Every structure is written in C-alpha cells, then in structure tokens.
Amino acid sequence: MQEIGEWLLVNPARIMVLVSLVFSTFILWGEYGGRRSGGSGWLTLARVGIGSIFSVVTAIVAAFFGGVGAFFGYLLVQILVCVVLPLVLVDRI
C-alpha cells in the first residue's frame with residue numbers, strides 16, 4: 001500500500017485523476033438511482049461542466065511536474081474520465 005501512495009505522490013495530477021474517478025462513480029451511481037425514479041440527467045451535465053474545468057487544471061498540474069507530454073496525456077485522460085465516460089455510461093443506463 002505504501003508503494004501505491006508513493007506512486008501517487010510522484011505527480012499530484014495522479015491523485016486528481018483518482019478523485020475524478022471516484023467523483024464520477026458517485027455521480028453515475030446517483031444517476032442510476034435517479035433514472036429508476038424518473039431523473040433527468042442533470043447530475044451528469046453538471047459533472048461534464050465541472051469536469052471540463054477540472055481537466056484543464058489537472059493538465060496544468062501535470063505539466064508543472066512532468067512537462068508538455070504530461071500536460072496532453074493527463075488532459076486526454078481527464079477528458080475521458082470527466083466527459084466521455086459519464087456521457088456514455090448514462091446513455092447505457
């Protein structure tokens with residue numbers, strides 16, 4: 001477990017991606033419960049809006065610790081986690 005913690009602390013952007021994954025999981029869980037009771041998908045729309053801003057912030061943090069390649073890599077990962085994944089999974093619900 002200590003090795004995982006050390007790996008996460010090498011670049012704080014890794015922790016930000018982990019937070020995004022956990023947050024997206026809770027949002028999708030809420031959407032699933034809401035859809036079964038007549039929800040409209042506003043949680044996912046809020047997640048996409050906030051996630052797009054958080055994606056850029058994460059990419060900037062990654063660039064500070066890892067350079068230009070890390071910026072674009074983490075930007076792509078965060079767009080997938082914060083924008084694409086919630087939209088696809090909510091559509092599947």
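The values are calculated or read from the model by the stated rules, or taken from the named source; none is laboratory data. Owing to the predicted nature of the structure, the values given are computational and were not obtained by experimental measurement. As a convention, Cβ positions derive from the backbone with ideal geometry for all residues, glycine included, and neighbour counts pool all protein chains shown.
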(request) Tell me, yes or no, whether the range 26-43 has at least one residue that is within 22 Å of residue 4 (Cα to Cα) and touching a residue at least 24 places away in the same chain (Cβ under 8 Å). (result) no
(request) Identify all residues within the range 1-16 that are at pLDDT 80 or above and within 17 Å of residue 73 (Cα to Cα); write none if there are none. (result) 10, 11, 12, 13, 14, 15, 16
(request) Of the numbered conditions (1) more than 14 Å from the chain's Cα centre (by Cα); (2) free of Cβ contacts under 8 Å to residues at least 12 places away in the same chain, residue 73 fails exactly one; give the number of that condition. (result) (1)
